[in-house]
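Trainee: Sharing a structure, written as structure tokens. Questions coming.
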Amino acid sequence: MPVEIRKLSPNEKSDKINAAFFGIYKKVPEFYVRVPGRVNLIGEHIDYCGYGVCPMALEQDMFLAVATTNEKRLILHNFDQKYEGFECELDEVKITLTDSAPRWYQYYLCGLKGILESLNESQKNHIKGLQVVVSGTIPQSAGLSSSSALVSSAALSAAHAFKLSLPKEELANLCAACERYIGTQGGGMDQAIAYLAKEGCAKLIEFEPLRSTEVKLPSDAVFVIAHSLTNLNKAATGDFNCRVVECRLAAQIIAKKQELDWRKMKRLGDLQRALGLNLDEMIVLVKASLREMPYSKDDVIQELNTTSSLLDTVSLTPNTRDIQRFKLYQRALHVFNEAKRVEEFFNTCQTGSGGEATLITLGRLMSESHQSLRDLYECSHPQLDRIVDLAKEFSFGTRLTGAGWGGCTVSLVAPQNVEKMRNALIQNFYKPLGVTDGFESIVFTTAPKAGACIYTNS
Ligand code: ADP
Ligand code: NG1
Ligand code: MG
């Protein structure tokens, strides 16, 4: 199914963006696109290993106003004037990475480049120039997927302007691939939920082929998001890609020991499929095949009986080639156990009574997920762990959400405890850090919203 096109009901937000658009381009927008952020309920750092995850879309979103021109040029502005404007010819879209965080407009360029590269000769006749104003409300670098909302809204704006109507799954796959131009080797969860989300339910997202199943969330509890007031831009450091690569090396060393072609084994999920084992058997195999002590790059080269340059090209990314210490046992154990937790979470939602017992199980799985991310995957942050501790008394379970190293937590909370938890966090976490107001944007409840949509004026 293609992304829905609806008539815009003018509101305060669209009035403001229209005014900004008119101020810059002296015309009204032809269309708008909305792409939501997401909170991942469970299944962290396993999408890029090929395993299913369970996110839902947020109300916070990326909202773009767009007009087309006959000059094949992109002109891009941000509603928030702290971001500089950007212009380029459409046949000169380049994303040049440096050692620091990418510029904001490079995320837009990822989506635009993805669409431009997908066009066949006849589709190229419909290329138009783009005038765009971007307005985003998703907390940034906080694990709520602002990056993918920007990339996916960029791709959708270009696709609609060039008269391409693609199925949502195709757009999601295209966006997952083109966000990698920013340097991170993500797995596709964020772009998938951005397009496939449905109001009122979370989704189980599975890959290859990309598919989604509605998840029935318990009606007598809510999800609360709390910002740890720390951030990490995932493309600014090698931390994220290091985890992707550690999982790949774990798969490759086990594959080699099992006499499979290690060079073909990019993901732990591929290894499981090749061996035909279940998740419990994979856990046993990890314990028997990998050692707890970290591996040096030379150890990995020896295990795989390969050379440094072949390892660099087959297994590593440009920003992980200098890493000398890989924890493979711990990362692989997290992945297989987290994949099991997603299965149990999904089954509990679908078949549970919805009562207290269901909530206790879901909460336990969320808490176990956090412990594993903290101890085995080492992608938490002391401020995330502090929120998890403070939330224990009020929630069924709390975990970091998104990639981690900062950002947000998500808690499953009974409605009567939401205010108590908020107050406890304000008194014991936010106020001691010097925050005195604006709490509604750093600790808030959230209900599942719809995925990407295109709006027109008529
Ligand atoms: P997240 O966890 O939110 O996906 P990332 O580190 O992957 O975080 O990406 C965050 C980056 O996305 C920001 O540093 C910024 O460059 C870009 N971005 C997100 N939202 C906006 C916005 N509203 N305006 C400009 N850039 C944005
Ligand atoms: P965030 O933290 O929202 O950038 C990243 C990845 C996901 C997934 C999670 C961890 C991208 C675009 N996103 O999300 O694919 O791996 O981390 O579960 O790479
Ligand atoms: Mg991101």
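The values are calculated or read from the model by the stated rules, or taken from the named source; none is laboratory data. Keep in mind that what you see is a predicted model, and the values were worked out from it rather than measured. Note: ideal-geometry Cβ built from the backbone for every residue, glycine included; neighbour counts use all protein chains shown.
Trainee: Condition test on LYS16, is it part of a loop (DSSP other than H, G, I, E, B), more than 16 Å from ligand 2 (Cβ to nearest atom) and either at pLDDT 95 or above or among the hydrophobic types (A, V, I, L, M, F, W, C) (or both)?
Mentor: For LYS16, the condition - part of a loop (DSSP other than H, G, I, E, B), more than 16 Å from ligand 2 (Cβ to nearest atom) and either at pLDDT 95 or above or among the hydrophobic types (A, V, I, L, M, F, W, C) (or both) - is not met.
Trainee: Can you say whether VAL28 is more than 14 Å from ligand 2 (Cβ to nearest atom), in contact (Cβ under 8 Å) with a residue 40 or more places away in the chain and of a type in the set (A, V, I, L, M), as far as the supplied structure shows?
Mentor: Values: more than 14 Å from ligand 2 (Cβ to nearest atom): yes; in contact (Cβ under 8 Å) with a residue 40 or more places away in the chain: yes; of a type in the set (A, V, I, L, M): yes.
Yes; evaluated as a whole, the condition is true for this residue.
Trainee: Among the residues of segment 159-183, write down those that are farther than 17 Å from TYR48 by Cα and touching a residue at least 60 places away in the same chain (Cβ under 8 Å).
Mentor: HIS160, ALA161, SER165, LEU166, PRO167, LYS168, LEU171
Trainee: Determine which member of the set ASP99, ASP190 is surrounded by 19 or more Cβ atoms within 10 Å (Cβ to Cβ) and among the acidic types (Asp, Glu).
Mentor: On the way: ASP99 fails: surrounded by 19 or more Cβ atoms within 10 Å (Cβ to Cβ).
Just a single option satisfies the conditions, and that option is ASP190.
Trainee: Select from segment 102-145 the residues that are of a type in the set (A, V, I, L, M, F, W, C) and either within 16 Å of ligand 2 (Cβ to nearest atom) or surrounded by fewer than 20 Cβ atoms within 10 Å (Cβ to Cβ) (or both) and list them in ascending order.
Mentor: Start the filter on segment 102-145 by keeping residues that are of a type in the set (A, V, I, L, M, F, W, C), which leaves 104, 109-110, 112, 115-116, 119, 127, 130, 132-134, 138, 142, 144.
Residues satisfying the conditions are TRP104, LEU109, CYS110, LEU116, LEU119, ILE127, ILE138, ALA142, LEU144.
Trainee: Among the numbered conditions (1) touching a strand residue (DSSP E or B) at 6+ places or on another chain (Cβ under 7 Å); (2) within 16 Å of ligand 2 (Cβ to nearest atom); (3) hydrophobic (A, V, I, L, M, F, W, C); (4) more than 22 Å from TYR455 (Cα to Cα), tell me where ALA149 comes up short.
Mentor: Just one mismatch for ALA149, condition (4).
Trainee: In segment 66-74, is there at least one residue being over 23 Å from GLU30 (Cβ atoms) and either within 16 Å of ligand 2 (Cβ to nearest atom) or hydrophobic (A, V, I, L, M, F, W, C) (or both)?
Mentor: If we filter segment 66-74 for residues that are over 23 Å from GLU30 (Cβ atoms), which is where we start, we get none.
No, there is no match, as no residue in segment 66-74 is over 23 Å from GLU30 (Cβ atoms) and either within 16 Å of ligand 2 (Cβ to nearest atom) or hydrophobic (A, V, I, L, M, F, W, C) (or both).
Trainee: When you scan segment 387-434, how many residues do you find that are touching a residue at least 40 places away in the same chain (Cβ under 8 Å) and assigned to a loop (DSSP other than H, G, I, E, B)?
Mentor: Within segment 387-434, residues that are touching a residue at least 40 places away in the same chain (Cβ under 8 Å) and assigned to a loop (DSSP other than H, G, I, E, B) number 8.
Trainee: Does ILE138 satisfy being in contact with a Ser or Thr (Cβ under 7 Å, 6 or more places away or on another chain), under 20 Å from TRP405 (Cβ atoms) and either near ligand 1 (Cβ under 10 Å from one of its atoms) or acidic (Asp, Glu) (or both)?
Mentor: Working: in contact with a Ser or Thr (Cβ under 7 Å, 6 or more places away or on another chain): yes; under 20 Å from TRP405 (Cβ atoms): yes; either near ligand 1 (Cβ under 10 Å from one of its atoms) or acidic (Asp, Glu) (or both): yes.
Taking the combined requirement at face value, the residue satisfies it.
Trainee: Same structure, new question: Given the options ALA197, ALA235, ALA176, ALA250, name the one that is of a type outside the set (Ser, Thr, Tyr), crowded, with 20+ Cβ neighbours inside 10 Å and farther than 19 Å from GLY111 by Cβ. Break it down stepwise before answering.
Mentor: Values: ALA197 fails: farther than 19 Å from GLY111 by Cβ; ALA235 fails: farther than 19 Å from GLY111 by Cβ; ALA176 fails: farther than 19 Å from GLY111 by Cβ.
Answer to the selection: ALA250.
Trainee: Tell me, please, whether a residue that is among the hydrophobic types (A, V, I, L, M, F, W, C) and either closer than 15 Å to THR230 by Cα or within 16 Å of ligand 2 (Cβ to nearest atom) (or both) can be found in segment 412-423. Walk me through how you get there before you give the answer.
Mentor: The first filter runs over segment 412-423 and keeps only residues among the hydrophobic types (A, V, I, L, M, F, W, C), leaving 412-414, 418, 421.
Then drop every residue that is not either closer than 15 Å to THR230 by Cα or within 16 Å of ligand 2 (Cβ to nearest atom) (or both), which leaves none.
The answer is no; no qualifying residue exists.
Trainee: With the condition being within 16 Å of ligand 3 (Cβ to nearest atom) and at pLDDT 95 or above, I'd like the strands (runs of 3 or more DSSP E) fully within segment 38-133 carrying at least 3 qualifying residues.
Mentor: On the way: elements: 54-69, 73-78, 86-89.
Where strands (runs of 3 or more DSSP E) fall fully within segment 38-133 and carry at least 3 residues being within 16 Å of ligand 3 (Cβ to nearest atom) and at pLDDT 95 or above, they are 54-69.
Here is a yes/no grid of residues against (1) among the basic types (Lys, Arg); (2) in contact (Cβ under 8 Å) with a residue 60 or more places away in the chain; (3) touching a helix residue (DSSP H, G or I) at 6+ places or on another chain (Cβ under 8 Å); (4) part of a helix (DSSP H, G or I):
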{"position": "TYR329", "(1), (2), (3), (4)": "no, yes, yes, yes"}
{"position": "LEU333", "(1), (2), (3), (4)": "no, no, yes, yes"}
{"position": "ALA339", "(1), (2), (3), (4)": "no, yes, yes, yes"}
{"position": "ASN347", "(1), (2), (3), (4)": "no, no, no, yes"}
{"position": "GLY354", "(1), (2), (3), (4)": "no, yes, no, no"}
{"position": "ILE360", "(1), (2), (3), (4)": "no, no, no, yes"}
{"position": "GLY363", "(1), (2), (3), (4)": "no, no, no, yes"}
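Trainee: If we scan segment 205-217, do we find a residue that is out of contact with any Pro (no Cβ under 6 Å at 6 or more places or on another chain), among the small types (Gly, Ala, Ser) and in contact (Cβ under 8 Å) with a residue 24 or more places away in the chain? I'd like the intermediate steps shown before the answer.
Mentor: Initial filter on segment 205-217 (out of contact with any Pro (no Cβ under 6 Å at 6 or more places or on another chain)): 205-217.
Filter again for among the small types (Gly, Ala, Ser), leaving 212.
Cutting the leftovers down to in contact (Cβ under 8 Å) with a residue 24 or more places away in the chain gives us none.
Scanning segment 205-217, I find no residue that is out of contact with any Pro (no Cβ under 6 Å at 6 or more places or on another chain), among the small types (Gly, Ala, Ser) and in contact (Cβ under 8 Å) with a residue 24 or more places away in the chain, so the answer is no.
Trainee: How about segment 373-384: which of its residues are assigned to a helix (DSSP H, G or I), in contact with a strand residue (DSSP E or B) (Cβ under 9 Å, 6 or more places away or on another chain) and not charged (D, E, K, R)? Lay out the reasoning, then the answer.
Mentor: The first filter runs over segment 373-384 and keeps only residues assigned to a helix (DSSP H, G or I), leaving 373-375, 382-384.
Next, only the ones that are in contact with a strand residue (DSSP E or B) (Cβ under 9 Å, 6 or more places away or on another chain) stay: 373-374, 384.
Within segment 373-384, LEU373, LEU384 qualify.
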